[in-house]
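Heads up, the thing below is written out as C-alpha cells.
Read the figures in this text as sums done on the coordinates, not as results from a lab. Small disclaimer: the values here were computed from a predicted structure and weren't measured. Ideal geometry is used to build each Cβ from the backbone, glycine not excepted, and the neighbour counts take in all protein chains shown.
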Amino acid sequence: MASTITERSIGDVTVLDVPAQVMFYEAAAQLRTRINELVVEGRLKLLLDMRQVTYLDSFGVGVIASKYVSLRKKGGDLKLLHPSARSRHVLSIARLIQIIECFDEEDAAIRSFQSGATA
Amino acid sequence: MNMTTVTRDETARLAALRRYRILDTEPERAFDDLALLASHICETPIALITLVDADRQWFKAHPGIAVTQTSRAVSFCSHAIEQSGLFIIPDASEDVRFRDNPFVASGPRFRFYAGAPLLAREGEALGTLCVIDRVPRMLSETQREALDALRRQVEGQLELRRNLHELKIALAARDQAEADVATLSSLMPYCSTCQLDMTIPAEPSSIPRIAEGVTAVLRRKGWPEDDVIAVELSVQEAIANAIRHGCRNDPTQHIQCCVIIDASGEVVIVVRDPGTGFDATAVPNPLQSENLFKSSGRGVFLINTLMDRVEYLDGGREVQMRKRKTDA
C-alpha cells in the first residue's frame, strides 16, 4: 500500500506530512526510507506532521524512535506535530513522549529548531 | 463458489422457521453486532439478517436500511435460500432475474448482493446473512470466508435463542414460577455472549479489519473509549506479530483468531499462528536504555501493558489476552 509522503521546507526544517496508514505495520518502512534519503541530502531537521495519523503501532513507534536517535547523532533532530491523543498514549507507553518533542502549533515547532535545541 | 439449486419442501421449511419463534421479535444486540461486522468486513453500506416467511422476508437486523420487511416477491433472499452456498449477484441491473426488481430499477437501486443461507438444525434454509451495495462489485476471497464465518455465528445465535426458549418451557413446567424466574435470570447473561471464531489470511489488510470489527462490537456494548483503544491496539499488535513472525509474511498461511465478549464485561482474544513460536520471557524490555530507541521489539510489551492478563501458550504460537471493561 503506497502512500505519498508530501514534504515542504521551512528554512532548514523539512516538514513531512505523514499519511494515515504510513505509521501502521510495515508501511512504516516507507517513512524510514524517505528519512534515510533526506539524511543523505543533508536534511537533518525533520518535523513529522501526524495530523492524518489515526493508527500508530509498534512499527511506527520503532521508526520514530530509531530515526530520532540517528538524526540526533548527526546533529539533527526529529520532532512531532499534531500527534493525536491516541498517538501520544502509545508514545507514552514506550516512554518516548518525554524525550521526543511534540507540538500542536507548527510555528512553535519550527521556532524550536532554531532555538539551539539541536546543538 | 459452485452453487446448486436445492429443491425444498416449503411446508417443512416454514415449520422449521416457526420453531425458532423469531419473526417479529424485538432487535437483539447479538444479531445487530453480527450484521454490523458483516457490513464492516465486506465494506458494504447495508447488511441484513433476513428470515424468509411465506409471503414476506422479515429483517432481524438491518444496519444501513430502515425498512424491517419486504414482500417475498421482490426478495433476493428467496433466491439465495434456494442455493447451497454463497449466492452472489455482482450487478443486479445486468441480471435478467433482477433487473426489473423495484429495488434495482428504482427506489434504492441496489446493484450488488451476496447472501449466505442460514440453516436450521433440521437443515432447512430459514433466511440469509446478506450484504448489499448500491454499486456493482465482488467480494474478495477473504471477505467470502469472513461472511461464511459470520453466517455460522448467526446460526449459532439462532440455535442459542431457540435452545433458550425450549429451556424456558422445560423449566416453567418443572419449577414454581418464582424459582423459574431466578434460574432464568442466571441464564440471561449467556444470551448476550458473543463469540467469533475466525481464520484469516496472513496479510496486513486483515489487521485493521479484525481490529475494527472487534472495537465496533465493544463500542456498541458501551465500553469506555480508553478500553476500546487498548483492545484495538493489542489486537493489531498480536495479529501483526502472527503475520510477521509466525507466518513470515506468507499470505498463503492463516491465523486463527477467537474473540469472546461476554455480558460480564470481559473480552478474551486468542490469536494463534502456525509458526515455530517464541519465548515471550526472552523478549528484551524496550524501556531499558539500550533498547529505548530500537526500531523493533515493542509489540509484546504494548500488549502486556494494555491488557489485564496475557498468556503465551504452546511455545508462543498462541497468545491469550483478557481485558475487563473499566467501571464507569
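Key figures
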quantity	calculated
Exceeding the 28 Å Cα-Cα cut-off - candidates A:LYS74/B:LYS294; A:LYS67/B:LYS325; B:LYS221/B:LYS294; B:LYS168/B:LYS325; A:LYS67/B:LYS221	A:LYS67/B:LYS325; B:LYS221/B:LYS294; B:LYS168/B:LYS325; A:LYS67/B:LYS221
Virtual spin-label span in nm between A:GLN52 and B:ALA15, 7 Å along Cα→Cβ	6.1
Within 10 Å of each Cβ in A:57-67, the average number of Cβ atoms from other chains	6
Local electrostatic count, B:THR276, Cβ distance below 14 Å [Lys/Arg +1, Asp/Glu -1]	-1
Global form of the range B:234-288, assessed from the alpha-carbon gyration tensor, a/c cut-off 1.5	oblate
Phi to ³J(HN,Hα) by Karplus 6.51 cos²θ - 1.76 cosθ + 1.60 over the range A:60-73, Hz, x for Gly, Pro	x, 4, x, 5, 4, 5, 5, 6, 4, 5, 6, 5, 4, 5
Two-site FRET efficiency, B:ASP148 against B:ALA216, from Cβ-Cβ distance with R₀ of 22 Å, rounded to 0.05	0.70
Long-range amide H partners of A:PHE103 with built H, under 5 Å	A:LEU80, A:LEU81, A:HIS82
The range B:220-321, relative contact order in percent, only Cα pairs under 8 angstrom and at least six apart counted	29
Mean separation of Cα contacts under 8 Å (6+ apart) over length of chain B, as relative contact order %	13
Cα pair count fraction exceeding 20 Å, expressed as % - the range B:251-328	43
Rounded to whole Hz, the Karplus (6.51, -1.76, 1.60) HN-Hα couplings of the range B:21-36, x for glycine and proline	6, 10, 4, 6, 8, 5, x, 10, 4, 4, 6, 4, 5, 5, 5, 4
Cut-off under 5 Å, modelled amide H: who pairs with B:ARG317 long-range	B:PHE278
Cα gyration tensor, chain A - rounded (a/c under 1.5), prolate or oblate	rounded
Cα-based equivalent ellipsoid of the protein assembly as shown: semi-axis lengths in Å, sorted from largest, via gyration tensor	48, 27, 19
Whole-Hz couplings from phi, Karplus 6.51/-1.76/1.60, listed for the range A:29-35; x for Gly and Pro	4, 4, 5, 4, 4, 5, 5
B:GLU290 versus B:ILE169: modelled label distance in nm, points set 7 Å from Cα along the beta carbon direction	7.0
Compactness relative to 2.2 N^0.38 Å, alpha carbon Rg of the range B:16-99	1.12
Area projected by the alpha carbon convex hull of chain B, averaged over all directions, nm²	20.4
Amide hydrogen neighbours beyond the local backbone of B:ARG56, cut-off 5 Å, H modeled	B:ARG72
For B:GLN195, net neighbour charge (Lys/Arg +1, Asp/Glu -1) across residues whose Cβ lies under 12 Å away	-2
Cut-off 14 Å between beta-carbons: net charge of the residues surrounding A:ASP12, Lys and Arg +1, Asp and Glu -1	+3
In nm, spacing of pseudo-spin labels at B:ARG137 and B:LEU23 (7 Å Cα→C-beta vector)	3.3
